[in-house]
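**Q** Can you read through this structure? Questions will come right after.
The values are calculated or read from the model by the stated rules, or taken from the named source; none is laboratory data. The structure presented is a predicted model; accordingly, all values stated were derived computationally and were not measured. Cβ: placed from backbone, ideal geometry, glycine included. Neighbour counts: every protein chain shown. When the accessible area is computed, the model is the full protein with side chains, heavy atoms only, and any ligands, DNA or RNA have been set aside. Shrake-Rupley method; radii C 1.70, N 1.55, O 1.52, S 1.80 Å.
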Amino acid sequence: MNDQYLFNSIEPKWQRIWEERSAFRTPSSPEELASKPKYYILDMFPYPSGAGLHVGHPEGYTATDVLARMKRMQGFNVLHPMGWDAFGLPAERAAVRENIHPAIITKRNVENFRGQIKRLGFSYDWEREIDTSGPDYYRWTQWIFLKLHEKGLAYMSEVPVNWCPALGTVLANEEVKDGCYVETGDPVERRLMKQWMLRITAYAERLLTDLETVDWPEGVKEMQRNWIGRSVGAEIDFEIAEHPGKRFTVYTTRPDTLFGATYCVLAPEHPLVASIASAALRNAVMKYADEARQKTELARTDLAKSKTGVFTGANAIHPVTGAKTPVWVADYVLMSYGTGAIMAVPAHDLRDHEFARAFGIEIREVIRPSQGASTKPVSEAAFEGEGTCVNSGFLDGLSGDAAKKKMTEWLEANRKGREQVQYRLRDWLFSRQRYWGEPFPIVHLEDGTMMTVPEGELPVKLPPVDEYRPTEDGKPPLARAADDWLMVTLPDGRKGMRETNTMPQWAGSCWYYLRYLDPKNETAAWTKETEQYWMPVDLYVGGVEHAVLHLLYARFWHKVLYDCGLVHTSEPFRKLFNQGMILAYSYCDSRGKYHHYSEVEERGGARYLRGAGEKLETQIEKMSKSKFNVVNPDDVIDQYGADSLRLYELFMGPLEQVKPWQMDGVEGVSRFLGRVWRMVFGNLSLVKEIEPYRGEHDAITNSDAKKLRTKTHQTIRKVTADLEPHLRFNTAISALMELVNEIYLFKAELHDEQSRQILRETVESLLKLLNPFAPHLCEELWEELGCKSMLAHEAWPVLDPQAVELDTVTVVVQVNGKLRGSFVVAKTVTADELSAIALKDPKVAQFLEGKEIVKVIHVPNKLLNFVVKA
């Protein structure tokens with residue numbers, strides 16, 4: 001008997017066989033596609049960093065692989081691809097450090113990632129592998145950009161950006177704190193730069209309403225709703241008293257508070273600031289505006305900071321009362337949000353209240369809280385809730401929507417304003433001053449106009465450059481390209497220069513799920529036939545960190561493609577699932593030094609430095625090299641095998657939860673797989689030369705065999721239901737463990753053919769159910785059973801409904817309707833037999849002693865109720 005599972009030889013064997021036989025090739029011929037239903041299951045593809053995979057990465061990949069393998073066995077055509085989100089700043093920074101081309105670094109990283117992933121035995125169709133940094137891929141990213149440009153959704157605009165002179169690039173708001181780049185401390189300044197923008201705001205309403213059509217976690221939907229930020233309010237026009245004909249417009253969601261507006265504020269960038277500032281205050285106003293422009297939007301809107309501002313010397317005319325209302329400039333108002341101007345109602349807005357108190361501006365109550373509400377006077381704190389209008393003329397006594405509606409109607413009737421829907425969503429800043437990204441298919445002509453590169457000339461390839469840094473005068477790295485790339489002469493003699501910005505990393509990931517449909521196609525990004533068959537993606541699995549930006553951008557591009565008639569669905573991802581993060585234990589000594597888990601030992605439930613007496617502090621944290629708690633999947637595979645790693649990834653707990661990695665847990669599932677191995681070899685003489693049982697369940701004569709078959713089909717039912725639609729992988733694995741325990745308890749004799757057939761059926765069913773989780777072990781055992789076909793191509797076990805019907809039931813016993821006991825009895829038990837059993841039970845008998853039984857109510861297989869006289 002071979003009682004040891006030699007994973008280090010068996011796993012490479014099956015990975016080689018799968019590859020040689022193209023076991024997981026996606027069907028592509030029209031005949032193949034027409035013959036079966038489809039299932040498109042997609043992982044959020046990784047950025048191939050230099051660090052490689054840690055054990056957190058394979059969690060989602062393993063989950064999708066389990067489902068992909070199950071779906072194939074259930075008779076679906078399955079599309080389960082993998083690729084690389086390969087453009088981005090990390091590779092460019094590494095190129096600068098190592099002075100080699102980012103493509104070389106990316107290729108090196110991809111080879112490492114691919115090798116690590118292949119060791120895990122995932123059933124990806126590697127013939128469909130894509131790389132967003134390859135010209136054969138980004139040709140089509142550029143093509144989609146041209147579609148956006150054709151529809152007027154791509155445009156150039158002067159926008160304020162965070163410019164880091166030391167890095168020579170634009171930084172996101174989240175990368176800047178206190179005027180410096182958070183990673184290096186390099187100073188950051190605000191600059192107006194001409195940038196490419198995508199008009200995502202044109203799709204705001206559809207991006208919002210179509211969330212109701214997809215099966216996504218409610219938390220993700222809510223994050224997208226908040227990011228889009230739809231609000232219904234009113235635009236209100238304010239005339240400038242000192243400058244007839246000049247006006248500004250504010251947007252507010254609280255038109256019911258208009259009578260409480262005691263001042264107005266313009267953003268420092270507002271075009272009216274310079275023209276309305278009084279002569280006496282102009283220098284102070286412009287100095288303040290210039291300083292404010294250097295701050296990031298995050299810094300300007302920080303609620304914790306003190307409010308600053310300056311009076312312009314101008315006054316607005318209140319649109320209802322006609323009162324003069326001072327106009328200030330303050331940095332907490334942003335030009336990029338709303339209209340760049342606000343009416344300030346300090347009694348009912350926190351920021352306005354702080355500003356008014358800081359500068360001694362009137363605070364006028366116009367909303368009174370409902371009776372009984374515990375609030376401070378508005379002179380001390382702003383009341384931002386709903387209430388009843390006071391000090392508000394024709395609104396007095398109204399509240400909530402009624403007051404808002406009446407004020408909006410008044411504004412429209414008097415041509416002072418109008419109802420307006422606005423969104424927090426801003427157009428997407430789509431250009432980067434970097435090398436390692438998609439070049440724009442745009443040429444800027446000498447006369448100041450621009451032209452798009454014809455589709456037939458795509459891709460516009462990245463040119464060689466002498467350095468990957470921006471030029472000394474701040475131009476992007478592509479400006480270093482030789483003139484034979486940079487300068488363009490048109491057939492009519494006109495000259496131009498190529499766009500030197502590149503697209504952001506998001507571009508390639510906005511549509512990659514479509515390229516998987518037809519990745520080798522050289523004449524189209526995808527074909528109509530493949531798109532109509534495979535789309536939408538049936539299940540998309542990835543981390544919640546992509547809940548907003550990636551998913552929002554991909555949905556936006558997809559809707560544009562839908563409007564162009566290039567896809568037939570308005571949403572790309574039918575169902576979304578976010579796996580939880582895998583954390584790891586870290587071990588820190590009293591000096592703050594972290595130690596690798598191999599240097600740690602357990603004593604009495606505590607952790608100590610191995611070979612020393614020092615007790616260590618144990619914490620569960622995000623994996624980090626600096627804390628020596630990164631677990632490399634290669635190390636786990638070397639020690640326990642890929643099947644053990646796969647099984648543990650999904651046995652740790654519910655897929656969506658955050659969980660700590662524990663090597664002891666890997667050892668536990670490894671022991672379980674060893675039990676499966678020994679169980680099959682231990683029964684090989686009984687099951688190898690016999691067919692599985694195919695008869696009626698009721699025809700089984702051996703009660704233990706019948707019980708085993710019932711357990712087998714209960715497991716088929718549970719595992720199938722747990723995997724889809726519920727994605728409860730951990731409970732499915734528990735059910736398989738229970739079945740293995742039952743098999744160990746079952747004893748079949750060589751001469752008992754029926755029992756041997758049932759054992760064969762059980763072993764086959766177990767291997768089929770376990771195969772998606774531990775495919776290497778199961779394929780090997782399937783072969784040992786004498787099966788000629790590949791287990792991956794076998795059919796999923798079929799449930800026998802008759803087998804899961806138990807011969808026994810639990811019946812409750814009542815006395816005068818009150819529960820007094822319960823019994824497990826045969827389904828065929830009669831009322832008299834059940835009464836006799838109940839009367840012998842002391843727990844029931846004590847309530848019947850000395851009492852007359854008037855009636856016995858029997859509900860077969862459910863209930864027995866004794867009705868007695870008190």
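**Q** Name the pairs: first residue in the range 549-568 and within 15 Å of Thr213 (Cβ to Cβ), second residue aromatic (Phe, Trp, Tyr) and open to solvent by 10 Å² or more (accessible area, probe 1.4 Å), Cβ to Cβ under 6 Å, at least 6 apart or on different chains?
**A** From residues that are within 15 Å of Thr213 (Cβ to Cβ), the pairs are Lys559/Tyr203.
**Q** Follow-up. Could you tell me whether the range 772-790 includes any residue that is of a type outside the set (Ser, Thr, Tyr), within 30 Å of Leu684 (Cα to Cα), in contact with a helix residue (DSSP H, G or I) (Cβ under 6 Å, 6 or more places away or on another chain) and open to solvent by 30 Å² or more (accessible area, probe 1.4 Å)?
**A** The answer is no; no qualifying residue exists.
Residues are listed down the side, and each one gets a yes or a no for (1) part of a helix (DSSP H, G or I); (2) out of contact with any Asp or Glu (no Cβ under 6 Å at 6 or more places or on another chain); (3) within 26 Å of Gln714 (Cα to Cα):
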| residue | (1), (2), (3) |
| --- | --- |
| Trp796 | no, yes, yes |
| Leu806 | no, yes, yes |
| Val829 | no, yes, yes |
| Val844 | yes, yes, no |
| Val856 | no, yes, no |
| Ala870 | no, yes, no |
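**Q** Still on this structure: Can you tell me how many residues within the range 507-529 are crowded, with 19+ Cβ neighbours inside 10 Å and either of a type in the set (Phe, Trp, Tyr) or part of a helix (DSSP H, G or I) (or both)?
**A** Counting residues in the range 507-529 that are crowded, with 19+ Cβ neighbours inside 10 Å and either of a type in the set (Phe, Trp, Tyr) or part of a helix (DSSP H, G or I) (or both) gives 10.
This table checks each residue for (1) of a type in the set (S, T, N, Q); (2) out of contact with any helix residue (DSSP H, G or I) (no Cβ under 7 Å at 6 or more places or on another chain).
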site: His243; (1), (2): no, no
site: Tyr251; (1), (2): no, yes
site: Thr262; (1), (2): yes, no
site: Glu269; (1), (2): no, no
site: Val273; (1), (2): no, no
site: Asn283; (1), (2): yes, yes
site: Gln294; (1), (2): yes, yes
site: His318; (1), (2): no, yes
site: Asp331; (1), (2): no, no
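**Q** While we're on this one: Check Arg607 against each of (1) closer than 25 Å to Met581 by Cα; (2) assigned to a helix (DSSP H, G or I); (3) more than 33 Å from the chain's Cα centre (by Cα) and name the one condition it does not meet.
**A** (2)
**Q** Show the residue pairs that are 6+ apart or on different chains and have beta-carbon atoms under 7 Å apart, the first residue being within the range 394-421 and farther than 21 Å from Thr249 by Cβ and at pLDDT below 95, the second being in a loop (DSSP other than H, G, I, E, B) and open to solvent by 40 Å² or more (accessible area, probe 1.4 Å).
**A** Ser399/Glu386; Gly400/Glu386
**Q** Ok, one more. So is Thr523 at pLDDT 95 or above and among the polar types (S, T, N, Q) or not?
**A** Taking the combined requirement at face value, the residue satisfies it.
**Q** A further question on this structure: Restricting attention to the range 747-757, which residues are surrounded by 19 or more Cβ atoms within 10 Å (Cβ to Cβ) and of a type in the set (A, V, I, L, M, F, W, C)?
**A** Passing the criteria: only Ala748.
**Q** I need the full set of residues from the range 101-114 which are open to solvent by less than 50 Å² (accessible area, probe 1.4 Å) and touching a helix residue (DSSP H, G or I) at 6+ places or on another chain (Cβ under 9 Å), in order please.
**A** The answer is Pro102, Ala103, Ile105, Thr106, Asn109.
**Q** With respect to Asp427, determine if the residue is loosely packed, with under 13 Cβ neighbours inside 10 Å, under 36 Å from the mean Cα position of the chain (by Cα), among the charged types (D, E, K, R) and at pLDDT below 95.
**A** No.
**Q** Among (1) modelled with pLDDT under 95; (2) within 37 Å of the chain's Cα centre (by Cα); (3) of a type outside the set (D, E, K, R), there is one condition Leu770 misses while meeting the rest; what is its number?
**A** Unmet condition: (1).
**Q** If a residue has to be among the polar types (S, T, N, Q), closer than 20 Å to Asp65 by Cα and at pLDDT 95 or above to count, how many in the range 619-663 make the cut?
**A** Matching residues across the range 619-663 total 1.
**Q** Can you pull out every residue in the range 212-244 that is more than 27 Å from Leu146 (Cα to Cα) and among the aliphatic types (A, V, I, L, M)?
**A** Val214, Val220, Met223, Val232, Ala234, Ile236, Ile240, Ala241
**Q** Please determine, by comparing only the residues of the range 328-350 that are part of a loop (DSSP other than H, G, I, E, B) and of a type in the set (Gly, Ala, Ser), which one is surrounded by the most Cβ atoms within 10 Å (Cβ to Cβ).
**A** The residue in question is Ala330.
Residues checked against (1) surrounded by fewer than 19 Cβ atoms within 10 Å (Cβ to Cβ); (2) small (Gly, Ala, Ser); (3) out of contact with any helix residue (DSSP H, G or I) (no Cβ under 9 Å at 6 or more places or on another chain):
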| residue | (1), (2), (3) |
| --- | --- |
| Val537 | no, no, no |
| Leu551 | no, no, no |
| Trp557 | no, no, no |
| Gly580 | yes, yes, no |
| Leu583 | yes, no, yes |
| Cys588 | yes, no, no |
| Asn632 | yes, no, no |
| Val636 | no, no, no |
| Gln639 | yes, no, no |
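**Q** Among the listed residues Ile105, Ile130, which satisfies the condition of being under 23 Å from Pro464 (Cβ atoms), hydrophobic (A, V, I, L, M, F, W, C) and either out of contact with any Cys (no Cβ under 6 Å at 6 or more places or on another chain) or without any contact (Cβ under 8 Å) to a residue 12 or more places away in the chain (or both)?
**A** The match here is Ile105.
**Q** Out of the residues in the range 815-827 that are assigned to a loop (DSSP other than H, G, I, E, B) and of a type outside the set (Lys, Arg), which is nearest to Asp698 (Cα to Cα)?
**A** This residue is Gly817.
Residues checked against (1) open to solvent by 70 Å² or more (accessible area, probe 1.4 Å); (2) within 20 Å of Phe238 (Cα to Cα); (3) in a helix (DSSP H, G or I):
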{"site": "Asp352", "(1), (2), (3)": "no, yes, yes"}
{"site": "Glu362", "(1), (2), (3)": "yes, yes, no"}
{"site": "Glu384", "(1), (2), (3)": "yes, no, no"}
{"site": "Asn391", "(1), (2), (3)": "yes, no, no"}
{"site": "Lys404", "(1), (2), (3)": "no, yes, yes"}
{"site": "Glu409", "(1), (2), (3)": "yes, yes, yes"}
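A quick yes/no check of all residues on (1) more than 38 Å from the chain's Cα centre (by Cα); (2) surrounded by fewer than 13 Cβ atoms within 10 Å (Cβ to Cβ); (3) closer than 28 Å to His270 by Cα:
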site	(1), (2), (3)
Thr209	no, yes, no
Val214	no, no, no
Gly219	no, yes, no
Glu239	yes, no, yes
Arg247	yes, no, yes
Thr253	no, no, yes
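Listed here are the residues, each with its yes/no results for (1) touching a residue at least 24 places away in the same chain (Cβ under 8 Å); (2) more than 30 Å from Ala642 (Cα to Cα); (3) of a type in the set (Phe, Trp, Tyr).
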{"residue": "Lys768", "(1), (2), (3)": "yes, no, no"}
{"residue": "Asn771", "(1), (2), (3)": "yes, no, no"}
{"residue": "Val811", "(1), (2), (3)": "yes, yes, no"}
{"residue": "Leu819", "(1), (2), (3)": "no, yes, no"}
{"residue": "Glu833", "(1), (2), (3)": "no, yes, no"}
{"residue": "Ile837", "(1), (2), (3)": "no, yes, no"}
{"residue": "Lys843", "(1), (2), (3)": "no, yes, no"}
{"residue": "Ile853", "(1), (2), (3)": "no, yes, no"}
{"residue": "His858", "(1), (2), (3)": "yes, yes, no"}
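**Q** Working only within the range 34-60, note down all residues that are open to solvent by less than 20 Å² (accessible area, probe 1.4 Å) and either part of a helix (DSSP H, G or I) or more than 23 Å from Ala554 (Cα to Cα) (or both).
**A** Scanning the range 34-60 gives Gly52, Leu53, Val55, Gly56, Pro58, Glu59, Gly60.
**Q** A further question follows. For Leu647, state whether it is farther than 19 Å from Phe122 by Cα and outside any loop (DSSP other than H, G, I, E, B).
**A** For Leu647, the condition - farther than 19 Å from Phe122 by Cα and outside any loop (DSSP other than H, G, I, E, B) - is not met.
**Q** Please note which helices (runs of 4 or more DSSP H) are completely contained in the range 660-742 and include at least 3 residues that are closer than 15 Å to Val798 by Cα, open to solvent by 40 Å² or more (accessible area, probe 1.4 Å) and of a type outside the set (Val, Ile, Thr).
**A** 703-723
**Q** Shifting gears a bit: Taking the residues in the range 190-206 that are among the aliphatic types (A, V, I, L, M) and within 12 Å of Trp428 (Cβ to Cβ) as candidates, determine which candidate is most open to solvent (accessible area, probe 1.4 Å).
**A** Filtering the range 190-206 for residues that are among the aliphatic types (A, V, I, L, M) and within 12 Å of Trp428 (Cβ to Cβ), the one most open to solvent (accessible area, probe 1.4 Å) comes out as Ala202.
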